[in-house]
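Have a look at the structure below before the remarks.
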Amino acid sequence: MIPKRVGEMLRAGASYPLAREYDIRVPGAINLASNESPYGPSPTVLRALRRELKFAGLYPDPRATRLKLAIGAYLGVDASCVAIGNGSDELVDLVCKVFINPLGRVLIPLPTFAMYELSCRANGGRPVFYSLPNFEWCAEGLKRAAKGAVLVFIGRPNNPTGNGLSLQGLRELLGSGKLVVVDEAYAEFAGYSVAKLAVGRKNLLVLRTLSKAFGLAGLRVGYAVGNPNLIEPIERVRAPFNVNRLAQAAAVAALRDQRYLRKVVAMIKSGRTYMRRELTKLGLKVLPSDANFLMADVSPLGASAPELCDFLAERKIFVRDLSGFRGAGSKYVRITVGTPRQNRQLVLALKKFKRGV
Ligand SMILES: Cc1ncc(COP(=O)(O)O)c(C=O)c1O
């Protein structure tokens, strides 16, 4: 009954490494494991949701016209260069569905976001892994590894390392003619993006989301930006009502509230600086990050990542143990930047761990 490609996926043990806080709803818990915004959506989004609720009995706009226009205005691109998805997760899947032939090779640098591999396998593609040397981006290595691949996924900034391939490196990779899919889920925190560049390129697609800086993770809105030649097939293949009515209305309101976005991004960036400094003082080796999270080697604390995560979880603080991430190893954790109070509580808990109390 199970087709070969799904059988292979099951045998490869590929599954999304779920965070433990999805099962444990502890009152007062601090969740720094899922890279959500600790500030949630803007008040104008909540008002838009209340207004839209009375139309819940009607199907959403299948073309998402208002949403595409709002995205176009936000990025400075034409609405015809935008495809929308039920989170960028769905776009990762759609990209694989549309652009990979059976057994087509897909280059996936490691460690990275698990959905690239899962969607590649689920759609009959073959993942080709390339380990980032010292978790750093190297265009030469990528180009070599990309030989024979039809598509390359690049997180920019990358989850969980927090860093990104340089613009020059990306241009070199584009020169190879492969379809390069740049996932910019964390672009608002990084301050760099190639979304506008994508519009004029034949082989560049950019994926974005409203789950992170805009605080809409629970509503599931993502989008792809690129040349209409690449966007149109995605729009054709996606289900007509993939992004629901409430999500569309919320996303339009969120994109229009740029003041709120700027405030959130500024707070997260200052939290990131604080966390990096404090974690480094505690002896952790923290990678520089352009995103709303930090990847850190916890071995200087004399513990493995699972041990440290268990200690923190007992204190209702959840951070991501990266030992379940392909290519990360057992000494790394990923910590989402929270509110200043959450960040201080984490630092306090780590100090206790270090003192052995
Ligand atoms: C790199 C990256 N891309 C995409 C996503 C998924 O975002 P969405 O909520 O839009 O599906 C995540 C979520 O953690 C991510 O880290």
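The values are calculated or read from the model by the stated rules, or taken from the named source; none is laboratory data. Note that this is a predicted model, so its numbers are computed, not measured. Here the Cβ positions follow ideal geometry from the backbone for every residue, glycine too, while neighbour counts run over all protein chains shown. These area figures cover heavy atoms from the full protein model, side chains too; ligands, DNA and RNA do not enter into them. Shrake-Rupley method; radii C 1.70, N 1.55, O 1.52, S 1.80 Å.
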Taking interchain pairs and intrachain pairs at least six residues apart, which have beta carbon atoms under 9 angstrom, with the first residue in region 208-224 and without any contact (Cβ under 8 Å) to a residue 40 or more places away in the chain and in the same structural domain as V92 (by TED's automatic domain parsing) and the second among the acidic types (D, E) and not in a strand (DSSP E or B)?
G218/E36
If you go through R245, R256, R272, R238, the only one that is within 30 Å of P43 (Cα to Cα), in contact with a strand residue (DSSP E or B) (Cβ under 8 Å, 6 or more places away or on another chain) and in contact (Cβ under 8 Å) with a residue 24 or more places away in the chain is R272
Given region 122-210, what strands (runs of 3 or more DSSP E) lie entirely inside it while holding 3 or more residues that are within 14 Å of the ligand (Cβ to nearest atom) and touching a strand residue (DSSP E or B) at 6+ places or on another chain (Cβ under 7 Å)?
151-155, 179-183, 204-209
Would you say S119 is polar (S, T, N, Q) and modelled with pLDDT under 95?
no
Please find, among R171, R238, R220, the residue that is among the basic types (K, R) and open to solvent by less than 30 Å² (accessible area, probe 1.4 Å).
R238
Checking G200 against (1) out of contact with any helix residue (DSSP H, G or I) (no Cβ under 6 Å at 6 or more places or on another chain); (2) crowded, with 22+ Cβ neighbours inside 10 Å; (3) not acidic (D, E), the condition it does not meet:
(2)
Considering residues of region 241-261 that are among the polar types (S, T, N, Q) and within 16 Å of the ligand (Cβ to nearest atom) only, the residue most open to solvent (accessible area, probe 1.4 Å)
N244
Tell me, please, whether a residue that is closer than 27 Å to V206 by Cβ and modelled with pLDDT under 95 can be found in region 57-69.
no
Taking the options K281, K331, name whichever one is assigned by TED's automatic domain parsing to the domain that holds L32, in contact (Cβ under 8 Å) with a residue 12 or more places away in the chain and open to solvent by 20 Å² or more (accessible area, probe 1.4 Å).
K331
Residue hits (region 223-232; in a helix (DSSP H, G or I) and open to solvent by less than 10 Å² (accessible area, probe 1.4 Å)) are I231
Restricting the first residue to region 58-76 and requiring it to be at positive phi and in contact (Cβ under 8 Å) with a residue 60 or more places away in the chain, which pairs with a second residue that is among the basic types (K, R) and open to solvent by 20 Å² or more (accessible area, probe 1.4 Å) meet a Cβ separation below 9 Å and a spacing of at least six or different chains?
G76/K196
So L107 passes all but one of these: (1) open to solvent by 50 Å² or more (accessible area, probe 1.4 Å); (2) touching a Phe, Trp or Tyr at 6+ places or on another chain (Cβ under 9 Å); (3) within 16 Å of the ligand (Cβ to nearest atom). Which condition number does it fail?
(1)
Considering (1) touching a residue at least 40 places away in the same chain (Cβ under 8 Å); (2) assigned by TED's automatic domain parsing to the domain that holds M115, say which one R50 fails and leave the rest.
(1)
Quick one: would you say A266 is open to solvent by 10 Å² or more (accessible area, probe 1.4 Å), farther than 18 Å from V92 by Cα, modelled with pLDDT of 95 or more and part of a helix (DSSP H, G or I)?
yes
(1) at pLDDT below 95; (2) surrounded by 11 or more Cβ atoms within 10 Å (Cβ to Cβ); (3) not small (G, A, S): which one isn't true of D23, the others all being true?
(2)
Look at region 135-166 and say how many of its residues are under 21 Å from the mean Cα position of the chain (by Cα) and not hydrophobic (A, V, I, L, M, F, W, C).
12
